[in-house]
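> Okay, here's the structure, questions in a sec.
The values are calculated or read from the model by the stated rules, or taken from the named source; none is laboratory data. This one's a predicted model, so the numbers in the text were calculated from it and none came from an experiment. Counting neighbours? That spans all protein chains shown, and the Cβs are built from the backbone with ideal geometry, glycine included. Note: areas computed on protein heavy atoms with side chains; ligands, DNA, RNA excluded. Shrake-Rupley method; radii C 1.70, N 1.55, O 1.52, S 1.80 Å.
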Amino acid sequence: MLTPYRPEPYVDFTQPEPRQKMLDALASVRGQLGRTWPLRIGAQKLQTDKTIASLAPAHHATVVGKVAKATRDHAEQAIRTAAETFKTWSRVDPDVRARVLLKAAAIMRRRIYELAAWMCFEESKSWIEAYADACEAIDFLDFYGREMMRLGGAQPVTPYPGEENELRYIPLGVGVIIPPWNFPLAICTGMTSAAIVTGNTVVLKPASASPVIAAIMAEIFEDAGLPPGVLNYCPGSGGEVGDHLVDHPQTRFVAFTGSMEIGLRIFERCGKLAPGQIWLKRTILEMGGKDCILVDETADLEAAAEGIVAAAFGFQGQKCSACSRAILHQDIYDTVLAKVVERTKKLTIGDTTSPENFYMGAVIDEAAYKSINDYIRIGEREGRLVAGGASDQGPGKSGVTVPTGGYFIPPTIIEGVDRNARIAQEEIFGPVLAVTRAKSFDDGLDIANGTKFGLTGALYSKDRFRLERARHEFHCGNLYLNRKCTGALVDVQPFGGFNMSGTDSKAGGRDYLLLFMQGKSITERL
Ligand code: NAP
């Protein structure tokens, strides 16, 4: 009998044992940098002329690894292989499919420090952020495996005289899995494992900024006993390979997590019938956010400041759930702002592959570095810079220096920001916090709800009736009361957003696997 699911515990890197294990893992991964990973189509492992180089964000000169780059022809081959393999994989007993996930979870658990170390190099995640990413991947595998065992058999229906009735869930077909780079193991594993445990076969197009950790995930599935052709690993450019996979008539569904712009593009393209296509493509689209923490005048201000800083600057603000807006009641505005600035100025920043165990690393790539710095300059016109500042033109007027050689941006705070300012409305996806003053609790709630997104939000308050009102009126998929708005755990806080944050699929929740299946009702007259 299986033990009940429970989230994988974190470790404390101030303790000697986890610290030493992490240092050993970083040294081991350092020795493996630069190798090339093949495409995986069916049983074939293909090297290609062109490759995608994954560069370390904190140290441009370091090539973390290279992956073979798929062309349109490879994408075509991958879809056909997945379609062929679907004929057999869809008929495999759901419990057997579930056990592949449980085995993959066990392998990841054994390799957890190494997986975390790869993410320190490829993503510039801090040690704990990288470790937590790997824990979440394990959680998805453990949870979805158990969920499939629950959903695999006949489902309860009301008995009817003279008939035998049943409802069972069957897979959809070939899925295209398109993850983002920011939770490169967790989200990639979560979307992929949900699709395959439910009996579908997939083509995985990993994010171009994090293809190495995705290649390692594909290897782990193979080691866990997944038959060839169920998971086809196909890195390539979004425009070329991505569009082809999305548009393909044999694609039955697309599971995407990423920006609103690309999500909308996929949504639109999936709505068009390709010649020969005989179904409506299903889309599972999880997109961006403009998440906030609202603090009223009754709140524990120290706890609120701590929550804001952790949620705004953990992993350099590159979480869809990151707090990019702090909305402070006017009576406590100055006090909380001062506390937030004071805490922020103590954060350490540097190459997270070093023994220093820095709190913040570099942002993912050059495009992000430019875009975030541009937003900081926009923010300086829209409010008052009180911490950090743009880092692409030297120390600048903020006087803040950051390490060189990588895409480092200091944690930046801009206060006095109007609710409709660009930095209060647009997703920046970096370490930039906009602080807005609210006249009252109602006004604060209005500001909180005043964007096109609706992913996460938090309220700090000691007022019972405001907390209750927030449960109903704070419109976001993941609401937190008196704690930060990041750090959702699998099956503890099922995750997904409203409005332009996506289709609210609630990844890591008990309804999630149903999105990858269709229900078949079968009646036999007795
Ligand atoms: P992105 O630029 O939208 O890319 C996401 C994925 O889409 C990547 O694999 C990308 O491939 C691919 N892609 C790009 N163009 C495509 C096309 N034409 N057809 C098919 N696929 C295409 O997002 P990102 O920068 O990786 O991730 C950050 C975004 O994800 C943020 O907006 C964040 O809020 C959001 N996010 C949301 C959640 C959530 O649960 N709601 C969780 C995490 C992140 P390439 O890398 O090759 O371009």
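> Which value at 222 nm does the chain reach when only helices count, each DSSP H run of 4 or more adding -39,500 (n - 2.57), with the total divided by all residues and rounded to the nearest 500 deg cm²/dmol?
Only helices count here, giving -11500 deg cm²/dmol.
> If you don't mind, there's one more thing I want to ask. Give me the percent relative contact order of segment 276-384, please, defined on Cα pairs under 8 angstrom at least 6 residues apart.
23 percent
> Here is a further query. For segment 273-351, which trypsin sites (Lys or Arg not before Pro) are in a loop by DSSP, counting at most 15 other Cβ atoms within 10 Å?
K345, K346
> Grab the other residues whose beta carbon is less than 15 angstrom from that of A106, score K and R as +1, D and E as -1, and report the net. Can you show the working numbers first?
Working: positive: R6, R99, K103, R109, R110, R111, R146; negative: E8, E114, D139, D142, E219, E222, D223.
Summing Lys/Arg as +1 and Asp/Glu as -1 gives 0.
> Can you list the equivalent-ellipsoid semi-axes of segment 152-233, largest first and in whole Å, using the square root of 5 times each Cα gyration tensor eigenvalue?
34, 13, 10
> Let me ask something else. Pairwise over distinct Cα atoms, reciprocal of the mean inverse distance: report the Kirkwood radius of segment 291-489 in Å, one decimal place.
Computed over segment 291-489, the radius equals 16.6 Å.
> Here is a follow-up. Where q = 0.09, 0.10, 0.16 Å⁻¹, what log10 of I(q)/I(0) comes from the Debye formula for segment 16-131, counting one point per Cα?
-0.37, -0.45, -0.97
> Work out from phi, with θ = phi - 60° and the Karplus expression 6.51 cos²θ - 1.76 cosθ + 1.60, the ³J(HN,Hα) of each residue of segment 182-191, listed in order in whole Hz, and give x for Gly and Pro.
Here the 3J(HN,Hα) series is 7, 10, x, 9, 4, 6, 4, 5, x, 5 Hz.
> Too long at a 27 Å Cα-Cα cut-off: which of K50/K103; K281/K520; K87/K520; K125/K506; K45/K205? Can you show the working numbers first?
Numbers: K50/K103 33 Å; K281/K520 18 Å; K87/K520 17 Å; K125/K506 24 Å; K45/K205 15 Å.
Long pairs (Cα-Cα over 27 Å): K50/K103.
> Something else now. Tell me the per residue accessible area of segment 291-489 using a 1.4 Å probe; a whole number in Å² is fine. Provide the component values of the computation, followed by the final result.
Details: 7700 Å² over 199 residues.
I get 39 Å² per residue for this part.
> Counting only DSSP beta bridges with both residues in segment 375-526, what percent are antiparallel, rounded to the nearest 5?
Among the beta bridges of segment 375-526, antiparallel pairing accounts for roughly 35 percent.
> Among DSSP beta bridges whose residues both lie in the chain, state the antiparallel percentage, nearest 5.
Roughly 35 percent of the beta bridges in the chain run antiparallel, per DSSP.
> So what is the relative contact order of the chain, in percent, for Cα pairs below 8 Å that sit 6 or more residues apart? Each step should come with its number before you reach the end.
Numbers: 1238 pairs, mean separation 88.2, N = 526.
Here the relative contact order equals 17 percent.
> What chymotrypsin sites (Phe, Trp or Tyr not before Pro) in segment 264-357 are in a loop by DSSP, with at most 15 other Cβ atoms within 10 Å of the Cβ?
W279
> Once you treat every alpha carbon in segment 278-381 as an equal point and sum by Debye, what is log10 I(q)/I(0) at q = 0.11 Å⁻¹?
The calculated log intensity ratios at q = 0.11 Å⁻¹ are -0.46.
> Quick one: net charge around I170, please, counting Lys, Arg +1 and Asp, Glu -1 for every other residue with C-beta under 11 Å from its C-beta.
Taking every other residue near I170 into account, the sum is +3.
> Report the dimensions of the chain along its three principal axes from the alpha-carbon atoms, largest first, rounded to Å.
The Cα atoms of the chain stretch 73, 58, 49 Å along their principal axes.
> Can you tell me the relative contact order of segment 1-128? Whole percent, Cα pairs under 8 Å, sequence separation 6 or more.
Relative contact order here is 29 percent.
> Still on this structure, I have one more. Once phi is turned into θ = phi - 60°, what whole-Hz ³J(HN,Hα) does the Karplus curve with 6.51, -1.76 and 1.60 give for every residue of segment 49-54, x standing for Gly and Pro?
Whole-Hz 3J(HN,Hα) from phi for segment 49-54: 5, 8, 10, 9, 8, 9.
> Now for a different question. Computing the accessible area with a 1.4 Å probe over protein heavy atoms, can you report the carbon and sulfur percentage for segment 307-466?
On the way: 2950 of 6120 Å².
Carbon and sulfur: 48 percent of the exposed surface of segment 307-466.
> If you don't mind, there's one more thing I want to ask. Ignoring ligands, DNA and RNA, what percent of the accessible area of segment 202-288 is carbon or sulfur (1.4 Å)?
Percent of accessible area from carbon and sulfur atoms in segment 202-288: 61.
> Using only the Cα atoms, work out Rg/Rh for segment 223-342, with Rh taken as the Kirkwood radius, to two decimals.
Values: Rg = 21.7 Å, Rh = 18.0 Å.
Reported Rg/Rh, Kirkwood definition of Rh: 1.21.
> Which whole-percent values make up P(r) of segment 85-216 when all C-alpha to C-alpha distances are grouped in 10 Å steps starting at zero?
13, 37, 29, 14, 5, 2, 0
> Apply the Karplus parameterisation 6.51 cos²θ - 1.76 cosθ + 1.60, with θ equal to phi minus 60°, to every residue of segment 273-278 and state each ³J(HN,Hα) to the nearest whole Hz, in sequence, with x for glycine and proline.
The phi angles translate into 6, 7, x, x, 7, 10 Hz.
> What size of dipole, in debye to the nearest 20, comes out for the chain about its Cα centre when the only charges are +1 on Lys and Arg C-beta atoms and -1 on Asp and Glu C-beta atoms?
780 debye
> Where does segment 382-526 land on Rg(C-alpha)/(2.2 N^0.38 Å)?
Normalised Cα radius of gyration, segment 382-526: 1.41.
> Separate question: Enumerate the amide H contacts of Y480 below 5 Å, restricted to partners 5 or more residues apart or on another chain; note that Pro and chain-start residues carry no placed amide H.
Answer set, sorted by chain and number: G457, A458, L459.
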